[in-house]
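The values are calculated or read from the model by the stated rules, or taken from the named source; none is laboratory data. Just so it is clear, the structure is predicted and the values come from calculations on it, not from any experiment. So basically every Cβ, Gly included, is an ideal-geometry build from the backbone, and we count neighbours across all protein chains shown.
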Amino acid sequence: MKNNLYTVVLVAFVFLVVIPIIYTLGVALFVEDSFSDNMQLLMDKNTFLLLFKSIMLASIIALLSTLLGSILGFILYKTKVKFRSFFKIALLIPLFISPYILAVAWKDFFYFFFNNTSFISSYFGVILVLTTIYTPLSLLIVGSALSNINAQLEESGLVIVNLRRVILKIILPLLKPALLSSFVLIFIFSISEFSVPAFLGVKVFTTEIFTQFSAFYNHSLAILQSTLLILICILLLYSERKYIADAPFFSVGNKGTSNKLYHMRNQNRLSLLVLFTWFIISIFLPFLILFIQSFKNGTTQFIKAFELLMLTFSQSIGLAFIGAIIIVFVGFIAAYHSTRQNKTQKRKSFDWLLLIVFTIPSTIFGISLIKFYNQPKLDIIYSSYIILLIGYVGKYSFISAKLIGNAIKQIPNSLFEAAQIEGIPFFEQLRKILFPLIMPTLFVAFIISFVLNLGELGTSIMVYPPGTEIMPIKVYTIMANAPQALTSSMTLIVFSVTLLIITSFYFMIKPFIKKNNFVND
């Protein structure tokens, strides 16, 4: 029965999520009459120049984010700096905030202090906003790698040389896979990002794809352009397939590992200053600027913004909640199969499907869903909330599967072997052994999926059916022609709601975290 359930979930994911992508690419390449004309446009030097600019932009963001994330990761995971637990949670917040929110905040910052937004409405602005967003991802990847370094290696090195040499000769070589994976993943996310460059008015490859699809209705050219991005993403994933597929960078804790912490007396104040500075830049300052811009002329615009968004709360939260439940279920099935049922096989097809779909640009994924489901026989999906839920599941099931898979890996096999000897049925093993041990991780996977669903824009703006009102789409469609104060107010409300939900969930799960020692002070 357990294999049958896995097969059903895998087939459903392939049909609902993967086949639309394959179908869309196939239609563009082999069916469309305008293929040859669009190929000429695709091969135009301006297209490749724009692609080159996007690649360079993504490379700079990936490099800066990896560098900053490594510094923050070392401070939080290898030193006894004060307030470690707070910063481990707080510095991850930008990763779960919709990118356009921080874009609005930084644009408000330059407008407030310089009365001019031309500087932020440029490639510099895209670099600033996306580096702020993706540095926490590098922090997670590098921090998890640092936590998994064998403390005995470091202690043996310290007997012979000083700490600086240990870092250069032992820690950095062991971190090389994590650093490369951080760069690759952030590069893929950066080159795929749509909302930030679109809001700042910066032309990149994803905005060009969106323009061709939605403004010029040249769907074939948009899909062909998308193919270039997909090929780049897949090639980069393939180059780092060994580490990314099995890496523990999406994990709640690391049970059974020994992590050596350094007490750096002379650098402790400097480390604390670095953490506080980054916290102010990435979280406190954007929130403060949005607050000032929203209320500098009174409360009129804020009240109007709240009235506009009030109707979206129930739909947004309801869809995010249902989507998170499905995502956790799919993630659990994929994770359990790859960690418990598939240990003797090198084949991990479901894991790779989740990873590939996760890294496909949101606009491209949205186009694929539209092209496939916009047919009379599939209208029940195309014209309902189901298409949004499919978008959520496709984009974020990989994160859920990684979290749950890494939790399952930390459970000793002997527990399940003893249960099998005693003749305990499979579902009883899940209920009495597995679920109690991974419950905190399931809860964290649900929280993360819920928050990401709540702020998802790239795919949602492509596929949302008529009459749908969810927060990110409402804000994004209004902000283009809205007064500055109204845009700031709407963004502040979404920012506040997201922070409130994250904080509430954190205090709900905090007892589980402490009980199971998932956060080490």
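Here are the numbers for the structure shown:
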| quantity | calculated |
| --- | --- |
| So ILE317, is it within 22 Å of THR498 (Cβ to Cβ) and either of a type outside the set (S, T, N, Q) or surrounded by fewer than 22 Cβ atoms within 10 Å (Cβ to Cβ) (or both) | yes |
| Among the residues listed as THR135, THR79, THR117, the single one being out of contact with any Phe, Trp or Tyr (no Cβ under 6 Å at 6 or more places or on another chain) and either outside the structural domain of VAL444 (by TED's automatic domain parsing) or modelled with pLDDT of 85 or more (or both) | THR135 |
| Test: LEU42 is at pLDDT below 90, within 25 Å of GLY366 (Cβ to Cβ) and under 23 Å from the mean Cα position of the chain (by Cα) | no |
| Helices (runs of 4 or more DSSP H) completely within the range 176-271 that count 3 or more residues being at pLDDT 75 or above, on the phi > 0 side of the Ramachandran plot and out of contact with any strand residue (DSSP E or B) (no Cβ under 8 Å at 6 or more places or on another chain) | none |
| The range 190-220, residues that are over 21 Å from THR491 (Cβ atoms) and among the hydrophobic types (A, V, I, L, M, F, W, C) | ILE191, VAL204, PHE205, ILE209, PHE213, ALA215, PHE216 |
| Single residue of VAL444, VAL475, VAL463, VAL451 found to be buried (at least 20 other Cβ atoms within 10 Å of the Cβ) and more than 24 Å from VAL328 (Cα to Cα) | VAL475 |
| Filter result for TYR392 (in contact with an Asp or Glu (Cβ under 7 Å, 6 or more places away or on another chain) and of a type outside the set (Lys, Arg)) | yes |
| Subset of the range 347-357 (residues that are touching a Phe, Trp or Tyr at 6+ places or on another chain (Cβ under 9 Å) and either modelled with pLDDT of 85 or more or not in a helix (DSSP H, G or I) (or both)) | LEU353, LEU354, VAL357 |
| Test for ILE411: is it of a type in the set (A, V, I, L, M, F, W, C), at pLDDT below 85 and in contact with a Cys (Cβ under 9 Å, 6 or more places away or on another chain) | no |
| Selection status of ALA401, under 25 Å from GLY455 (Cα atoms) and assigned to a helix (DSSP H, G or I) | yes |
| Residue match in the range 329-346 (condition: at pLDDT 85 or above, within 19 Å of the chain's Cα centre (by Cα) and of a type in the set (Val, Ile, Thr)) | yes |
| Unique match (being within 30 Å of SER383 (Cα to Cα), aromatic (Phe, Trp, Tyr) and either in a helix (DSSP H, G or I) or modelled with pLDDT under 85 (or both)) among PHE427, PHE505, PHE446 | PHE446 |
| Pick from the range 114-148, criterion free of Cβ contacts under 8 Å to residues at least 24 places away in the same chain and in a loop (DSSP other than H, G, I, E, B), ranking: surrounded by the most Cβ atoms within 10 Å (Cβ to Cβ) | THR117 |
| Among the residues listed as SER59, SER70, SER85, the single one being among the hydroxyl-bearing types (Ser, Thr, Tyr), more than 17 Å from LEU128 (Cβ to Cβ) and surrounded by fewer than 17 Cβ atoms within 10 Å (Cβ to Cβ) | SER85 |
| Every pair of residues 6+ apart whose Cβ atoms lie under 8 Å, when the first sits in the range 414-428 and is closer than 18 Å to TYR6 by Cβ while the second is exposed (fewer than 13 other Cβ atoms within 10 Å of the Cβ) | PHE426/MET1 |
| Residue in the range 368-391 that is assigned to a helix (DSSP H, G or I), assigned by TED's automatic domain parsing to the domain that holds PRO466 and of a type in the set (S, T, N, Q) present | yes |
